[in-house]
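Down below is the structure, laid out as structure tokens.
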């Protein structure tokens, strides 16, 4: 039995949505990992004595920092930026997930209406891993 053109188009859109959701999830995980790393670095930095020699990266170089406070401020700013980016990615991911769930339900209904659900094991397209 042939799949109607609209259903084929909807399945392609669903696959794109699946890819978008997966990509945003990966970005969020990467940002969360950077945020944890920055938090850990700040904690370690605070454990150092005030007069410890600290280097900070500038491009591909390590430059001696003027003091611990300079590096703490830089890392705190980075941490705040990462927190904002993680929250934005979480909102984007939640919106995509809602659309994904809704579209999955609609496709399942369309497949059943077209008499194709039996060929797919009576289930809608599977979610992202």
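For the condition at pLDDT below 90 and either outside any helix (DSSP H, G or I) or on the phi < 0 side of the Ramachandran plot (or both), residue 123 qualifies. The single residue among 109, 93, 70 that is in contact with a strand residue (DSSP E or B) (Cβ under 9 Å, 6 or more places away or on another chain) and either surrounded by 11 or more Cβ atoms within 10 Å (Cβ to Cβ) or in contact (Cβ under 8 Å) with a residue 24 or more places away in the chain (or both) turns out to be 70. For residue 31, are the conditions met, namely being surrounded by 12 or more Cβ atoms within 10 Å (Cβ to Cβ), out of contact with any helix residue (DSSP H, G or I) (no Cβ under 7 Å at 6 or more places or on another chain) and in contact (Cβ under 8 Å) with a residue 12 or more places away in the chain? No, not satisfied.
Taking the condition surrounded by fewer than 16 Cβ atoms within 10 Å (Cβ to Cβ) and in a loop (DSSP other than H, G, I, E, B), does residue 62 pass? No.
Considering the conditions (1) at pLDDT 95 or above; (2) over 21 Å from the mean Cα position of the chain (by Cα); (3) surrounded by 15 or more Cβ atoms within 10 Å (Cβ to Cβ), residue 76 is excluded by exactly one of them, (3). Tell me yes or no: at least one residue of the range 43-53 is within 30 Å of residue 2 (Cβ to Cβ), in contact with a helix residue (DSSP H, G or I) (Cβ under 8 Å, 6 or more places away or on another chain), loosely packed, with under 15 Cβ neighbours inside 10 Å and modelled with pLDDT under 95. No; the residues of the range 43-53 include none that is within 30 Å of residue 2 (Cβ to Cβ), in contact with a helix residue (DSSP H, G or I) (Cβ under 8 Å, 6 or more places away or on another chain), loosely packed, with under 15 Cβ neighbours inside 10 Å and modelled with pLDDT under 95.
The values are calculated or read from the model by the stated rules, or taken from the named source; none is laboratory data. What you see is a predicted model; the values in this text were computed from it and never measured. Note that each Cβ is placed from the backbone with ideal geometry, even for glycine, and that neighbours are counted across all protein chains shown.
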